[in-house]
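Comments concern the structure below.
The values are calculated or read from the model by the stated rules, or taken from the named source; none is laboratory data. Since the model is a prediction, treat every value here as computed from it, not as a measurement. Cβ: placed from backbone, ideal geometry, glycine included. Neighbour counts: every protein chain shown.
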Amino acid sequence: MPSIDSHQACHIRWMIRRDMPSVLEIEDRSFEFPWTEDEFIRCLRQRDCIGMVAERSEQVAGFMIYELHKNRIHILSFAVHPDFRRNGIGSAMVDKLITKLAYQRRNRIMLEVRETNLDAQLFFRQLGFRATGVLRSFYEDTPEDAFLMQYRQPSETMQSIDGAPQRRAG
């Protein structure tokens, strides 16, 4: 069992092959219908698909797989080891993704969340994501619906001398 120190920062880095056993363990402990190793590898071999892990005390504590599109980032899989949850690791991973957004380019992050995964819905909502649609019978493994959730990059603003935001003309 991992040792937990909620005050210790996590390090987010590119996923490497050596991380796969830890990623698979987190996946198995996090999802009723987990991805297989072959599914991870097939996904990560795609040109615009990226895997990152969050480490704490040199242990993989969480991971995310996402795709880069012209105007958005699409989270395909995202999980934190149960022993490390509610310690800021998931938030740090989302913050890392938000830094990849750019005004008038990739301006949103999207993902699908199972209708029964209330913890994930609440987690992403707390970070500024909003449900923007329902995808009926979205999953192959069950007739369950999914919520489409999105985080939108806030409009670029400039601060006036008195500190009030002003929209940029343009």
- [ ] Residue by residue through the stretch 102-125, note down the ones that are over 13 Å from the mean Cα position of the chain (by Cα) and not β-branched (Val, Ile, Thr).
- [x] Ala102, Tyr103, Gln104, Arg105, Arg106, Asn107, Arg114, Glu115, Asn117, Leu118, Asp119, Leu122
Task: Considering residues of the stretch 25-41 that are aromatic (Phe, Trp, Tyr), more than 18 Å from Gly90 (Cα to Cα) and out of contact with any Cys (no Cβ under 9 Å at 6 or more places or on another chain) only, the residue surrounded by the most Cβ atoms within 10 Å (Cβ to Cβ) - done: Phe40
Task: Selection status of Ala169, out of contact with any Ser or Thr (no Cβ under 7 Å at 6 or more places or on another chain), modelled with pLDDT under 95 and not charged (D, E, K, R) - done: yes
Open item on the list: Anything in the stretch 118-130 that is in contact with a strand residue (DSSP E or B) (Cβ under 9 Å, 6 or more places away or on another chain) and surrounded by fewer than 13 Cβ atoms within 10 Å (Cβ to Cβ)? List them, or say none.
Closed with: Arg130
Task: Among (1) in contact with an Asp or Glu (Cβ under 9 Å, 6 or more places away or on another chain); (2) surrounded by fewer than 18 Cβ atoms within 10 Å (Cβ to Cβ); (3) closer than 23 Å to Met20 by Cα, the one test that Ser91 misses - done: (1)
Open item on the list: Scan the stretch 131-148 and tell me whether some residue there is out of contact with any strand residue (DSSP E or B) (no Cβ under 9 Å at 6 or more places or on another chain), surrounded by 11 or more Cβ atoms within 10 Å (Cβ to Cβ) and within 22 Å of Leu97 (Cα to Cα).
Closed with: no
TODO: Test each condition in (1) part of a strand (DSSP E or B); (2) modelled with pLDDT under 95 for Ser6 and report the one that comes out false.
DONE: (1)
TODO: Could you list all residues from the stretch 42-69 that are out of contact with any Asp or Glu (no Cβ under 8 Å at 6 or more places or on another chain) and exposed (fewer than 13 other Cβ atoms within 10 Å of the Cβ)?
DONE: Arg42, Arg45, Arg47, Glu58
Open item on the list: Among (1) modelled with pLDDT of 95 or more; (2) closer than 23 Å to Ala102 by Cα; (3) not β-branched (Val, Ile, Thr), there is one condition Cys43 misses while meeting the rest; what is its number?
Closed with: (2)
